[in-house]
Each structure stands twice: as C-alpha cells, then as structure tokens.
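The values are calculated or read from the model by the stated rules, or taken from the named source; none is laboratory data. Everything numeric here is computed off the predicted structure, so don't read it as measured data. Cβ placement follows ideal geometry from the backbone for every residue including glycine, while neighbour counts extend to all protein chains displayed. Protein only, heavy atoms only, side chains kept; ligands, DNA and RNA dropped before computing areas. Shrake-Rupley method; radii C 1.70, N 1.55, O 1.52, S 1.80 Å.
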Amino acid sequence: MDSLSRTVVVGAAQLGPIQKHHSRAEVVQRLISLLREAKLRDCDLVVFPELALTTFFPRWFVEDITETDHWYESSMPSSETQPLFDEAKKLGIGFCLGYAELTAPDDVGARHRYNTQILVEKDGSVVAQYRKVHIPGHAHHEPDRPFQHAERYYFEPGTEGFGVWHCFNGLVGMMICNDRRWPESYREMGLQGVELILCGYNTPIHYVPDPSQDILQGFHNSLVMQSGAYQNGTWVVGVAKAGVEEGVDSLGQTSIVAPSGEIVARTLTTDDELIVASCDLDWCQRYKNTLFDFDKYRRPEMYQRITRQRGAIVQPKP
Ligand code: CDT
C-alpha cells in the first residue's frame, strides 16, 4: 500500500470447515498461518469469514440459549484471540474478522447477542465493529429441517446500520453474509462513498425453504456481489467458510470483485485458501464519476414518490 497510488493488497482468507470439536486455539493457529502466507504475498489487509472462530452453531437449536454462550466472544481480543492480534501487528497486516458477540450487561442487566465483524488496522488499532443487519433463517425450532438456520434466535439485528471508515488509504465498509443479497446494504455505503466492502459468509448449499435454489448458490453469490460492486463503484471482498461442516455443505467461491463488477480473484477449493488482489481504490472513481455519479444522475425524489404511491395503493380505501 502506498499513499500515492492508493493500491491496497487485499487477501481473502477462505476457511475450510470448523467442526464442533475444534478449539479456538486450533482455529486461531489456522488464521495465523493464513496471515503469514498473506505477509509473504505482500498483503496489507486480510479478510476472514463470518463466525470465523467457531463452527456455524445456528445449525443447532438449544432451548436454553445461555448453554451456547461458549460460542460467543464476550471480549475482543480475548486471551484466545490475542495471539492473532499480536501476530497481525508484528507482521504489519490489518485484518477483518467475523465472530459471535455477547455484550456486557446493559443498564437493565440484559446481554445482547450479535453477529459481528471487527476491522483492525496494520498497527493493531481497532478501526470499527459492524453488527449484521439482515438476519436470515428462523427464530424457533423447526424439527422437520435436516439442519437448523436459527440465526434469528441466536442474533439480534445490529442497530447502527452500514458505516464507512477512513482507513487503508480509502473508505472501507463492512457487511456480513445475508447482507450481501440486499441492494440497500451496498447503496447505504455507496452513498457514503465506500471504496472497499468487506463481507464474510457461511452459505449452506441446501436452502431448505426452496431447494430449487441449491444449484444456483454460486450464481446468486456472484450475482449480488458483482452487481453491488458495479452499481456503487466499489471493490467487494466476499469470503466464505466453506466445505462440509458437521455434515452441512457450504459454498466456497470466495471472490474479490472490482468496481467494474468483474471478479479478479476467486478460490478454487473449499479449504483454507488465500486469494490476493491489488485493489486500486482510484479505480472506483471511474464509475463514481461517470455512470454512477450519484449527485448528477440519481433521482431520490422519484424513488420516494414511487414509495408513496405504492403506500397509497396498499392503504385500504376509507
Ligand atoms: N449466514 C448467512 O447469512 N447465510 C445465509 C443463508 C441463507 S438463509 C438460510 C446467506 O444469505 O447466505
């Protein structure tokens, strides 16, 4: 990364499965190995997946949610994750990490559970924390499913929305997994001038409510990230936890997408695998200053008008 060219060398560090019996210490060692490989490949920033420290535990339902507290991080870093922070700082590499967050008690003694990503600069300082907004799946036990996707039981939606932060010589934003399917996620950040969006995901191949979508998982993954990148003139880095985890097969296809919408790097495996791209953040301006010059061409007053009209249609007549 040099301040004149604004090129950030980004590593997308896909993880293979994390089984239930794998300890945090084992996983952190895998993350550190990927960081070291990233250093050899000149990375400035490494992006890890959603819930990168544990198995994807929302696939199991447990009546007493407090029995699942061990899947959550109540501090970041903790004694178990500190070695990752230490190694990244020593190597001078920033990183983005997804994990389950359990907050300290609030004013009324309630603890909150979020699906969270943290962004750490090359000097080890924490830049930002993002809490997943779009929580997919279901909130109650659905015993007929082959596996659960009970994220709506295990996580509250984040309330702070989609921010962008000045770091890595540019404007960086975050989103998590299902957020990438919603154009609003990209546009919220696009309106703030985002140049690099970091997104971890766990996407089971089998979509229980409509299995006809199973064969399209890879297509939909690329479709949303490529269109989100292009329509907002931004780089998008989507990073999978992939492979067969506790019997559930999950999508790989970790990708780095340019502001043109083109995929410039993509994983070939469903294992731990690092892909790297030199992301020229100035490339964003070619789109932000031309086709997607928001100030010049967007028509928010028309979008509001359509929303009002639609509201009028669904209102019952007096
Ligand atoms: N982790 C996550 O958000 N996964 C969802 C799966 C589909 S909803 C059951 C996704 O959008 O990839």
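Tabulated results
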| read-out | value |
| --- | --- |
| Kyte-Doolittle mean at least -0.5 and Cα axial length at least 15 Å: DSSP H helices in the chain | 24-40 |
| Accessible area of the chain belonging to carbon and sulfur atoms, whole % at 1.4 Å probe | 53 percent |
| For region 229-277: relative contact order, % (alpha-carbon pairs under 8 angstrom, 6 or more apart) | 33 percent |
| Per residue accessible area in Å² of region 7-292, where ligands, DNA and RNA are left out and the probe is 1.4 Å | 40 Å² |
| Shape category assigned to region 162-318 from the gyration tensor of Cα positions, a/c cut at 1.5 | oblate |
| Spin-label model distance (nm) - H140 vs R298, 7 Å beyond Cα toward Cβ | 3.9 nm |
| Total lysine pairs whose alpha carbons fall under 19 Å of each other in region 7-292 (8 or more apart, or interchain) | 7 |
| Value of [θ]222 nm, deg cm²/dmol, for the chain, DSSP H segments ≥ 4, -39500 (n - 2.57) each, nearest 500 | -7500 deg cm²/dmol |
| Percent of beta bridges antiparallel (DSSP, region 7-292, rounded to nearest 5) | 65 percent |
| Cα extents of region 7-292 along the three principal axes, largest first (Å) | 52, 45, 41 |
